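The next block holds one structure in the form of structure tokens; read it before the comments.
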Amino acid sequence: AEGGSTLTQQLARNLFLNNDRSFKRKIREIWLAVQLEQSLSKDQILELYVNTVYFGEGAYGIHAASEIYFSKPAARLSVAEAALLAGLPQ
């Protein structure tokens, strides 16, 4: 089965684990997500996530995606452009 991971679990997997489909990896992912939630605010977790997730076309993080797709820094994105990028990570 796929899906079912929270954003924090996805962040934990992206930062510290691999994509192995095993029960052991899933338990570690959950444990790491709990640790992240205890030490970081939700805003900090979201910031880390958008700065590390893969957006396609070789872009890891919102800044790289903004440059690749719109040829401008993320701070200059319109709401519509930001919404489009938000839908790219899988």
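The values are calculated or read from the model by the stated rules, or taken from the named source; none is laboratory data. None of the values given here were measured: they were computed from a predicted structure. Cβ atoms come from the backbone with ideal geometry, glycine included; neighbour counts cover every protein chain shown. These accessible areas exclude ligands, DNA and RNA; they are computed on the full protein's heavy atoms, side chains included. Shrake-Rupley method; radii C 1.70, N 1.55, O 1.52, S 1.80 Å.
Quick look at the values:
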item: At 0.890 mPa s and 25 °C, Stokes D of the range 4-45 from Kirkwood alpha-carbon radius, µm² per second; result: 240 µm²/s
item: Pair residue 54, residue 71: separation of 7 Å Cα→Cβ label points (nm); result: 2.7 nm
item: Carbon/sulfur fraction of accessible area - the chain, other protein chains in place, 1.4 Å, %; result: 56 percent
item: Kirkwood hydrodynamic radius (C-alpha pairs) into Stokes-Einstein, the chain, 37 °C and 0.692 mPa s, D in µm²/s; result: 234 µm²/s
item: Solvent exposure, largest accessible area first (probe 1.4 Å, DNA, RNA and ligands not counted), of 41, 5, 71; result: 71, 41, 5
item: Shape metrics for the range 45-90, restricted to C-alpha atoms - Rg then Dmax, Å; result: 9.4, 26
item: Listed residue (27, 65, 83) projecting farthest to the positive dipole end of the chain, Cβ model; result: 27
item: Highest average packing first - 22-28, 56-62, Cβ atoms within 10 Å; result: 56-62, 22-28
item: Helical contribution to [θ] at 222 nm, DSSP H n ≥ 4, -39,500 (n - 2.57), averaged over the chain, rounded to 500; result: -18500 deg cm²/dmol
item: Within the chain: Cβ-based charge dipole about Cα centre, in debye rounded to nearest 20 (Lys, Arg +1; Asp, Glu -1); result: 280 debye
item: Difference of contour (0.36 nm per residue) and Cα-Cα distance, residue 47 to residue 86; result: 12.8 nm
